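Data first, discussion second: the structure below is written as structure tokens.
Just so you know, all these numbers are worked out from the coordinates, no wet-lab data involved. Bear in mind that the values here come from a model prediction, so they are computed numbers and not experimental data. For neighbour counting, all protein chains shown are included, and Cβ atoms are generated from backbone atoms with ideal geometry for every residue, glycine included.
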Amino acid sequence: MCNILTQILGKMVEKFLGTSFEGNIDEYIDKQQENFNECMRETIEIILSETDEFFYESEERKNTWEIVKKDVPREILFKCGLVSYARRYYKNKETGTCAYLADVACGIEKYSKVSSGMSLKLVEQAADTSYQKSSKIVLDGQVSKQTVMKKVRQIEDYELEKVERNETVTKIHLQADEDHISLQDGRKTIVKLVTLHEGTEKENRTRKALVNKISFTPMHKESNSKFWERICMEIEKRYGVREDLKIYIHGDGANWIKSGVEEIPGSEPVLDRFHLEKYIRKIHKGNRKYREQIIEYLLNMEYRLLRDFLNTLESNDEITEEESIEVYKYLSNNRLGIKNALTLGNDGKSCAEGLVSHILSERISSRPCGWSEKGVTSVSGIRVFLINGGKLKAENLIHQGEVLAEHQSKMLEQHFRRISEAEHNFNIREHYPRRSTNRWLKDIAGILCS
């Protein structure tokens, strides 16, 4: 392996130094990149071949695994391009489990056309753009949108890194809202979003930013109570269980948001001012005095007087009976949320709709598309995870079991040693081209300076 790697490195260096610059820097970069990619493909093929040989010669393997087939071909896409190789197929003598040991040891998924690293790049791109565009951007369209979709659905068990508990924070906010989408079967549904933050701070002269924000969406088939329970557990991890911690849940009064007040101890609702104004406007219809009167009733929690006021407007044909019933029902059902919105000052301000637009709508509802329930849950969950600052890892994608744990460390140790030997023994001077074959840079310099 050492000699072969040295030959590959030598060939790459010779091509690198022998590639002429012909006046276009981008073309020059493309040539050198392809030179490097070719070197990487050849190196990967050698590593895969050596891995297969390692298992073939291993005495430990011979005691537990027998060969079923040999020289089974496979092609897989890496960042450096398509790699072709052959390996052996084994069967465990005790359990009957079958596996391509070299594939499992190198972290290559069964049946996958794409390496785990490129699979993760496809998934990350699919969190921002369509499956088809993700394939085009990452792999120049070499895989289908169905392949990208499968990779997205394979991602699971991803978690953010743990943060230190902060018990100095006295107030936190939960901005809750939903995005409305269409399913492939024609049904309409919602994707819930809750964003936790510690208030706002000035980002620049005209813009404020949420402090230490983190967002949540439900997992596939996760109930509403389980969703809020998961959020409650995150609050406990970050801020502890404290009586002095004020928790405000902002939203439009939907039942699933109200249930959060029941699930999270000590929390209070805050009705979104946009929705409050929307319903008040249905009554006052631009009349300033009417609006002031309604706000006074709401501030003082005088809903009987509000009911009488609506009846008066209805009898004067200023609003319809349907409007009167709808508005009173909505306002009456959100009494505490309305009072908090009107009296808490900055703490009563909500931004849930803007968060939904930025975090969810840009990907899942801003363009016409029909989702499956599993697909939209996967994409929205991954998108939120990445926006939260998370990073996907190979273990979130590949589930290969423990069958090679005893072999893998020994095999990797041997590979690292052999590659290190190849790097140590490589002498770049042996592959440096003669001066007469590499005069292109002097020629260009002469032209530019003449």
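Quick check: pseudo-label points 7 Å beyond the Cα along Cα→Cβ at ILE25 and GLU268, how many nm apart are they? Taking the two extended label points, one gets 5.9 nm. The gain in end-to-end length when the SER372 to GLU243 segment is fully stretched comes to 42.3 nm, 0.36 nm per residue minus the alpha carbon separation. Label positions at LYS145 and ALA394, each projected 7 Å from the Cα along the C-beta direction, are separated by 3.1 nm. Listed by number, the DSSP H helices of the chain that run 20 Å or longer by alpha-carbon position along their axis and have mean Kyte hydropathy of at least 0.0 are 2-18, 373-387. Contact order for the chain, expressed relative to its length and based on alpha carbon pairs under 8 Å spaced 6+ residues apart, stands at 20 percent. What you get for the chain, charging only the Cβ of Lys and Arg (+1) and of Asp and Glu (-1), is a dipole of about 700 debye around the Cα centre. With R₀ set to 25 Å, the beta-carbon distance separating ASN287 from THR200 gives a calculated FRET efficiency near 0.15.
The ranking of LYS162, LYS213 from fewest to most other beta carbons within 10 Å of each one's beta carbon is LYS162, LYS213. Across all C-alpha atoms in the chain, the radius of gyration and Dmax reach 31.3, 101 Å. If the cut-off is a Cα-Cα distance under 27 Å, which lysines reach LYS15, setting aside same-chain residues fewer than 8 apart in sequence? Output for LYS15: LYS31, LYS79, LYS442.
Would you mind ranking TYR303, TYR290, TYR279, TYR90 by Cβ crowding within 10 Å, fewest neighbours first?
Details: TYR303 14, TYR290 17, TYR279 20, TYR90 24.
So the residues, fewest neighbours to most, are TYR303, TYR290, TYR279, TYR90.
How would you classify region 19-136 from its alpha-carbon gyration tensor, with a ≥ b ≥ c the square roots of the eigenvalues: rounded for a/c under 1.5, else prolate if a/b is greater than b/c, otherwise oblate? Note, shape of region 19-136 comes out oblate.
Both the radius of gyration and Dmax for region 171-387 are 19.0, 56 Å, in that order, over alpha-carbon atoms. Return the whole-Å distance between the Cα centroid of region 1-62 and the Cα centroid of region 230-309. So the separation of the two Cα centres works out to 63 Å.
Shown is the FRET efficiency for GLN154 and LYS188, computed with R0 = 25 Å from the Cβ-Cβ distance and rounded to the nearest 0.05: 0.35. Annotation for GLU60 and LEU17: the two label points, set 7 Å from Cα along the Cα-Cβ direction, are 4.2 nm apart. Measuring between their Cα centroids, region 160-184 and region 318-347 lie 25 Å from each other.
What number, rounded to the nearest 500 deg cm²/dmol, is the helix-based mean residue ellipticity at 222 nm of the chain, given -39500 (n - 2.57) per DSSP H run of at least four residues and division by all its residues? Intermediate values should be presented prior to the final figure.
Numbers: 18 runs with 226 residues, N = 450.
Computed ellipticity for the chain at 222 nm equals -16000 deg cm²/dmol.
Each of TYR56, HIS173, LEU160 was scored by the projection of its Cα onto the charge dipole of the chain, and the greatest displacement toward the positive side belongs to TYR56; charges sit on the C-beta of Lys, Arg, Asp and Glu. Between the listed residues PHE385, TRP371, ALA352, the Cα displaced farthest toward the positive end of the dipole of the chain, a dipole computed from Cβ unit charges relative to the Cα centre, is found at TRP371. For region 366-371, the Karplus equation 6.51 cos²θ - 1.76 cosθ + 1.60, evaluated at θ = phi - 60°, returns couplings of 6, 10, x, 6, x, 9 Hz by residue, with Gly and Pro reported as x.
Give the order of SER372, SER115 when sorted by the count of other beta carbons within 10 angstrom, beginning with the fewest.
Numbers: SER372 13, SER115 21.
Going from sparsest to densest Cβ surroundings: SER372, SER115.
Sparsely packed loop sites in region 98-152 (the chymotrypsin sites (Phe, Trp or Tyr not before Pro) outside DSSP H, G, I, E and B with at most 11 other Cβ atoms within 10 Å) comprise TYR111.
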